[in-house]
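Worksheet: the structure to be examined is printed underneath.
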Amino acid sequence: MSTAPRIAIAGAGLGGLTLARVLHVHGIASTVYELDASATARDQGGSLDMDPESGRQALLHAGLLEEFRPLSRPEDGELRLLGKDATVGFRIPAPEPGEGDEGEERPEIDRRALRDLLLRSLPEGTVRWGHKIRSASPGTGRPALTLSDGRTVEADLLVGADGAWSRIRPLVSEADPVYSGLSYVDCLLRDVDTRHPAVAELVGRGTMFALADEKGLIAQRNGGDRVRVYAAVKAPEEWSRSGLIDPADPVAAKKRLLDLFPDWDEGLRALIAESDGPLVARPIHALPIDHRWDRMPGVTLLGDAAHLMSPFAGAGANLAMLDGAELGLALATHDDLETALNAYETPMVPRAEAAAAQSADNLTDFFHPDGLRIARETFIALTSGGEAR
């Protein structure tokens, strides 16, 4: 841009960091304000598959694609679909080394490894750790952040990359995330190949879906010989938070969760029974599928702050990174700030709407009484190049 704007990014997730990196590549400074005290303050979640048209495209624009490759795990790209009797009803094998068109691969990478890659690529001091945002306002001609310590930060551009419960979104939208009716309870198994060999065999080298009775067990290979498990159940939102998981009594919490899968194969129940560490309840929320907003000068959104959706399109992190990359490119190639924001938002909103619609449909379909059959048809359609149901 012809002048150097002051750019404030709320949130050091994958989307916000990708934006900061692409801006840095083009010689534009930014500051990222992050609630967490440090990069290791909390668990970053499971593994992601990097889509060539979104996540990997963003890494290309960030100049990090070559550094990404040795951190990724293409060998963990298998997908298995099981019934509650643990019978495999559908399988997509992981690609063999050197097999297929590289442009069609979706290599896995742990969220933490990807986030660390982005953090290492930024100048020291770009991320301001431990900076909780209390509120945001239009300011006096420029948008402003109020931090928890009372300080106010003004910027020419304020980017809400601060996730589902964004403090920036209320500046441009009255929409709030709505509970989907489905909750995850997640847990982790460590050293699976040596300590839990039956689990390792059941899950395979990638992601396993077991669906029945309008619920599911989803298990995912992570790096470091770990398997992350998501038990998906339909439940009232408050019950999912307090009626199932009591941090003070993890043994009882595990029993209550197992009681929801009483006649499931013991190998599948072992995903919960043998898990290490605490169980964590994660109610699934989403913004309206067609979420959009009127332009407010100097303010925009990306990632979950803009288009929070369920995980059943596998698109959230990939889209957040693409958002960050495309916003960075728009700011680097347009002299006028509002022109840049229009250029970014115009394709982003319909792209996100299509993914959000797919994720909402898949959530409904996979947890339907006939969800196993519907999921199988969906995966077959996707692998054959057809349209998913």
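Can you tell me how many residues in region 173-199 are in a helix (DSSP H, G or I) and open to solvent by 10 Å² or more (accessible area, probe 1.4 Å)?
Qualifying residue count for the region: 5.
Name the helices (runs of 4 or more DSSP H) wholly within region 245-321 that hold at least 1 residues that are modelled with pLDDT under 95?
Result: 250-258.
Within region 316-344, which residues are crowded, with 19+ Cβ neighbours inside 10 Å and either under 17 Å from Asp162 (Cα atoms) or among the polar types (S, T, N, Q) (or both)?
Gly316, Ala317, Asn318, Leu319, Ala320, Met321, Leu322, Asp323, Gly324, Ala325, Leu327, Gly328
With respect to Ala37, is the statement that it is touching an Asp or Glu at 6+ places or on another chain (Cβ under 7 Å), closer than 19 Å to Gly16 by Cβ and surrounded by fewer than 20 Cβ atoms within 10 Å (Cβ to Cβ) true?
Judged against the criteria, Ala37 is not a match.
Go through the residues of region 73-84 one by one and say whether even a single one is part of a loop (DSSP other than H, G, I, E, B), closer than 30 Å to Ala281 by Cβ, free of Cβ contacts under 8 Å to residues at least 40 places away in the same chain and open to solvent by 20 Å² or more (accessible area, probe 1.4 Å).
Scanning region 73-84, I find no residue that is part of a loop (DSSP other than H, G, I, E, B), closer than 30 Å to Ala281 by Cβ, free of Cβ contacts under 8 Å to residues at least 40 places away in the same chain and open to solvent by 20 Å² or more (accessible area, probe 1.4 Å), so the answer is no.
When region 157-189 is examined, which residues are found to be of a type in the set (A, V, I, L, M, F, W, C) and touching a helix residue (DSSP H, G or I) at 6+ places or on another chain (Cβ under 8 Å)?
Leu157, Leu158, Val159, Ala161, Ala164, Ile168, Ala175, Leu182, Val185, Cys187, Leu189
Which of the numbered conditions does Ala144 fail, given that it passes all the others? Conditions: (1) buried (at least 17 other Cβ atoms within 10 Å of the Cβ); (2) touching a residue at least 40 places away in the same chain (Cβ under 8 Å); (3) in contact with an Asp or Glu (Cβ under 8 Å, 6 or more places away or on another chain).
(2)
Considering region 147-172 alone, what residues qualify as being in contact (Cβ under 8 Å) with a residue 40 or more places away in the chain, more than 17 Å from the chain's Cα centre (by Cα) and either open to solvent by 20 Å² or more (accessible area, probe 1.4 Å) or closer than 20 Å to Gly324 by Cα (or both)?
Glu154, Ala155, Asp156, Leu157, Leu158, Val159, Arg167, Ile168, Arg169, Leu171, Val172 - these are the residues of region 147-172 that are in contact (Cβ under 8 Å) with a residue 40 or more places away in the chain, more than 17 Å from the chain's Cα centre (by Cα) and either open to solvent by 20 Å² or more (accessible area, probe 1.4 Å) or closer than 20 Å to Gly324 by Cα (or both).
When only residues in region 366-389 that are of a type in the set (Lys, Arg) and either assigned to a loop (DSSP other than H, G, I, E, B) or within 15 Å of Leu79 (Cα to Cα) (or both) count, which is modelled with the highest pLDDT?
Checking each candidate, the answer is Arg376.
Conditions: (1) of a type in the set (S, T, N, Q); (2) open to solvent by less than 70 Å² (accessible area, probe 1.4 Å); (3) closer than 28 Å to Thr300 by Cβ. Thr378 meets all but one. Number of the miss?
It fails just one condition, (3).
The values are calculated or read from the model by the stated rules, or taken from the named source; none is laboratory data. Nothing here was measured: the structure is a model prediction, and the numbers come from that model. Methodologically, a virtual Cβ is constructed for each residue, glycine included, from the backbone with ideal geometry; neighbour enumeration extends over all protein chains shown. Heavy atoms of the whole protein, side chains included, go into the accessibility calculation; ligands, DNA and RNA do not. Shrake-Rupley method; radii C 1.70, N 1.55, O 1.52, S 1.80 Å.
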